[in-house]
Amino acid sequence: MNPHTLRVNLAERGYDIVVCADAHAQIATFARERAKGKTALIVTDENARVHAVPIQQSLDAAGFRTALVVRPAGEGQKS
């Protein structure tokens, strides 16, 4: 995994966005190190569902309670 980190500066509410490729196997470890909770909501569209399912499986295996929401594809779904 070769991640790139982007910082969203919102004072005390700031957070990092980590962008990487082919990280399905590491996503659960990454999330467990950073998440205080045990629930994960995965939101995807119909076109990217194939990528969301292995992420959900990885999070489930790490003890997260997950839900997968699949939205129709298209620009109209982004608002």
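I need the full set of residues from region 2-46 which are on the phi > 0 side of the Ramachandran plot and not in a helix (DSSP H, G or I), in order please. 22, the sole residue that qualifies. Scanning region 7-60 for residues that are over 25 Å from residue 74 (Cβ atoms) and open to solvent by 100 Å² or more (accessible area, probe 1.4 Å) gives 7, 9, 12, 13, 15, 22, 33, 34, 36, 38, 57. Per the conditions (1) at pLDDT 90 or above; (2) hydrophobic (A, V, I, L, M, F, W, C); (3) within 15 Å of residue 3 (Cβ to Cβ), the sole criterion not satisfied by residue 17 is (1). Residues in region 47-71 that are in contact with a Leu (Cβ under 6 Å, 6 or more places away or on another chain) and either of a type in the set (Phe, Trp, Tyr) or assigned to a strand (DSSP E or B) (or both) were compared, and the one that is farthest from residue 23 (Cα to Cα) is 67.
For region 29-50, indicate whether the set of residues that are touching a Lys or Arg at 6+ places or on another chain (Cβ under 8 Å) and among the polar types (S, T, N, Q) is non-empty. Yes - at least one qualifying residue is present in region 29-50.
Checked against (1) assigned to a helix (DSSP H, G or I); (2) of a type in the set (Gly, Ala, Ser); (3) modelled with pLDDT under 85; (4) open to solvent by less than 50 Å² (accessible area, probe 1.4 Å), residue 76 passes all but a single condition, namely (4).
The values are calculated or read from the model by the stated rules, or taken from the named source; none is laboratory data. If you're wondering where the values come from, they're calculated on a predicted model, not measured in any experiment. All Cβ positions, glycine included, derive from the backbone under ideal geometry; neighbour counts span all protein chains shown. Each accessible area value is taken on the protein alone, full model and side chains, heavy atoms only, with ligands, DNA and RNA left out. Shrake-Rupley method; radii C 1.70, N 1.55, O 1.52, S 1.80 Å.
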